[in-house]
Amino acid sequence: MKTTVSNNASEYPTSVTIIMLGYRERCSAPRCYNRGRLLFRYADPGDRPICSLEFCYAHARVKIARERAAGLRVYDDREGS
């Protein structure tokens, strides 16, 4: 379920929140047919959601490392709810 909330294409994400998926969805990585397990919710500088992407565990590990290296704030809410 790829959702775009923001209409301003010039906004770049400054944070990402990782949440356990509560529905069935395929991993957003190209050519990956695994079940998405984690939701990555990207937000702009005002903490407004920009988009959401689903990833399997393997691609999520890689994506978390890349987002941290890119300087995004990563909030891990997998155990929070």
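Just so it is clear, none of the values below were taken in a lab; they were calculated from the coordinates. Here the structure is a predicted model, which is why all the values come from computation and not from measurement. Using ideal geometry, Cβ is built from the backbone for each residue, glycine included, and neighbour counts are taken over all protein chains shown.
For segment 14-76, the relative contact order comes to 38 percent (Cα pairs under 8 Å, sequence separation of at least 6). Remark: segment 14-76 is approximated by an ellipsoid whose semi-axes, taken from the C-alpha gyration tensor as √(5λ), come to 20, 13, 9 Å, largest first.
Using only Cα atoms, tell me the angle between helix 57-69 and the longest principal axis of the chain; keep it within 0 to 90° and round to the nearest 10. It works out to around 20 degrees.
Label positions at GLU25 and ARG61, each projected 7 Å from the Cα along the C-beta direction, are separated by 2.2 nm.
Centre-to-centre separation between the Cα atoms of segment 24-47 and those of segment 50-65: 5 Å. Ordered by the number of other Cβ atoms lying within 10 Å of each residue's own Cβ, fewest first, VAL74, VAL16 fall into the sequence VAL74, VAL16.
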